[in-house]
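Trainee: Mind looking over this structure? Questions follow.
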Amino acid sequence: MPELPEVETVRLGLEPVMKGRTIVKAETHREGLRTPFPENLAATLKGRKIASLERRSKYLLLRLDGKKDAEILVLHLGMSGRIRVVKDAAAFKPEKHDHLILRLDNASAMVFNDPRRFGMAFLIKDGERETHPAFRNIGPEPFSKVFTGAVLQESLKKRSSAIKQSLMDQKLVAGIGNIYASEALYEAAISPFRKSSEITLKEAEKLVETIRAVLESALKSGGSSLRDYRRADGSEGYFQHHFAVYDRAGKPCPRCAANGRKSVILKTVQGGRATYYCERCQK
Ligand SMILES: [Zn+2]
């Protein structure tokens, strides 16, 4: 499932093609995805200029100019959603699962493909960015100044759940899912099973640091594949990134190996999601 770095990478890839362009034609090829598309979505989008592309948590926000009551097209990639750019929109024929297509005035098109249809596309008013049901319960962005160790610890104090599950809760911090929760806990040397309320201020401060570090590192490798993303027709929107623990069960723990110790990464299931960790150095 795409998390903050993946969505931000998609946003950075789309921005140079889409910002300031006008949607000459919008096409929907089914009634909706996880939720129905808004009524008359295609007609609403036609002729609108894309003023900006922003991101909030795992949502992509396309702010539309051109009318007094500016609206925002919100896209969520769900589990399997992919957005690609087609350079020659005139010759483009939609493929299977291409559910939403925005044809632009620079001859290119944005194509939203989603085989499993857990994604979403909906419209909000400009003034609803904080109050809309999809956004009102989302916590601070991890790179924002308001996300500090003290703030994190305060939110953790009220929770009896395991720290790994708390980090994946969007109310606590925006944009972190299974992958980066595992990675941030590993880098902070904190066990994913620790009770949230027992995380100390020092550990919460460390976690803020490692959350930012793992996201930044993923964003950097996203940047390198972004060139391929633009060059290769946008067929591959995501990137290959080296993880320390995620999807590395049975492999040696890098930190223990660096300290001359032997330990392998373990995999378990927490709240229905896979957790990867090292028993020896995460306490
Ligand atoms: Zn280890």
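The values are calculated or read from the model by the stated rules, or taken from the named source; none is laboratory data. For clarity, every value in this text was computed on a predicted model and none was experimentally measured. Note that we place each Cβ from the backbone using ideal geometry, even for glycine, and neighbour counts take in every protein chain shown. We work out accessible area using only protein heavy atoms, side chains counted, and drop any ligands, DNA or RNA first. Shrake-Rupley method; radii C 1.70, N 1.55, O 1.52, S 1.80 Å.
Trainee: List the cysteines of the chain that have no other Cys Cβ closer than 4.7 Å: which are they?
Mentor: C281
Trainee: Same structure again: Would you grab the residues whose amide H sits under 5 Å from the one on L123? Only those 5+ places off in sequence or on another chain, please, with H modelled 1.01 Å from N.
Mentor: Answer set, sorted by chain and number: V74.
Trainee: Residue-wise, which Karplus ³J(HN,Hα) couplings in Hz belong to region 119-126, taking 6.51 cos²θ - 1.76 cosθ + 1.60, θ = phi - 60°, and x for glycine or proline?
Mentor: x, 8, 9, 8, 10, 10, 6, 4
Trainee: Excluding ligands, DNA and RNA, what is the solvent-accessible area per residue of the chain at a probe of 1.4 Å, expressed in Å²?
Mentor: Details: 13350 Å² over 283 residues.
It amounts to 47 Å² per residue over the chain.
Trainee: Can you pull the percent of Cα pairs in region 107-151 with separation above 16 Å?
Mentor: 64
Trainee: Moving to a separate point now. Could you give me the percent of Cα pairs per 10 Å distance bin for the chain, shortest bin first, beginning at zero and ending with the bin that holds the maximum distance?
Mentor: Cα pair-distance distribution for the chain, in percent: 6, 27, 31, 21, 12, 3, 0.
Trainee: Might you report the magnitude of the Cβ-based charge dipole of the chain about its Cα centre, with Lys and Arg at +1 and Asp and Glu at -1, to the nearest 20 debye?
Mentor: I would put it at about 460 debye.
Trainee: Taking all pairs of distinct Cα atoms, average 1/r, flip it, and tell me the Kirkwood hydrodynamic radius of region 91-198 in Å to one decimal place.
Mentor: Result for region 91-198 stands at 17.0 Å.
Trainee: Work out from phi, with θ = phi - 60° and the Karplus expression 6.51 cos²θ - 1.76 cosθ + 1.60, the ³J(HN,Hα) of each residue of region 105-110, listed in order in whole Hz, and give x for Gly and Pro.
Mentor: 7, 10, 6, 9, 9, 9
Trainee: Rounded to a whole number of µm²/s, how large is the Stokes-Einstein D of region 1-160 at 4 °C and 1.567 mPa s, given Rh as the Kirkwood radius over C-alpha pairs?
Mentor: Details: Rh = 16.6 Å.
D = 78 µm²/s.
Trainee: Would region 81-139 count as rounded, prolate or oblate if I go by the C-alpha gyration tensor, calling it rounded below 1.5 in a/c and otherwise prolate when a/b exceeds b/c, oblate otherwise?
Mentor: Numbers: a/c = 3.65, a/b = 1.83, b/c = 2.00.
Oblate, since a/c reaches 1.5 and b/c is not below a/b.
Trainee: Just to check I understand the Karplus step: with θ = phi - 60° and J = 6.51 cos²θ - 1.76 cosθ + 1.60, what whole-Hz values come out for region 242-249, glycine and proline as x?
Mentor: 7, 9, 7, 10, 4, 6, 10, 4
Trainee: Now, a different point. Of all the accessible heavy-atom surface of the chain, with the other protein chains kept in place and a 1.4 Å probe, what percent is carbon and sulfur?
Mentor: After summing per-atom areas, the C and S share lands at 50 percent.
Trainee: Show me the GluC sites (Glu not before Pro) within region 46-148 that DSSP assigns to loop and that have at most 11 other Cβ atoms within 10 Å of their Cβ.
Mentor: Working: sites: E54, E71, E95, E128, E130; in loops: E95, E130.
Within region 46-148, the qualifying GluC sites (Glu not before Pro) (loop, at most 11 other Cβ atoms within 10 Å) are E95, E130.
Trainee: In the chain, with Lys and Arg counted as +1 and Asp and Glu as -1 at Cβ, which of these residues, T210, T9, T148, has the Cα nearest the positive end of the dipole, that is, farthest along it?
Mentor: T210
Trainee: Another question about this same structure. Could you list which residues have their amide H under 5 Å from that of V264, counting only those 5 or more apart in sequence or on another chain, with H placed in the peptide plane?
Mentor: C253
Trainee: Same structure again: Cα axis of helix 178-187 to longest principal axis of the chain: angle in degrees, 0 to 90, nearest 10?
Mentor: Tilt relative to the chain: about 40 degrees.
Trainee: Right, something else. Let me know the shape class of region 39-111, please: from the alpha-carbon gyration tensor, a ≥ b ≥ c as square roots of the eigenvalues, rounded when a/c is under 1.5, otherwise prolate if a/b is greater than b/c, or oblate.
Mentor: Cα axes put region 39-111 in the oblate bin.
Trainee: For region 119-168 and region 1-74, write down the distance between their C-alpha centroids in whole Å.
Mentor: When both Cα centres are located, 22 Å separates them.
Trainee: Pairs of lysines 8 or more apart, or on different chains, with alpha carbons under 28 Å: count those in region 97-224, would you?
Mentor: For region 97-224, qualifying lysine pairs total 29.
Trainee: Something else: Report, in deg cm²/dmol and to the nearest 500, the calculated mean residue ellipticity at 222 nm for the chain, where each DSSP H run with n ≥ 4 adds -39500 (n - 2.57) and the sum is divided by the residue count.
Mentor: -8500 deg cm²/dmol
Trainee: What angle do you read, to the nearest 10 degrees and between 0 and 90, between the alpha-carbon axis of helix 201-231 and the longest principal axis of the chain?
Mentor: 40
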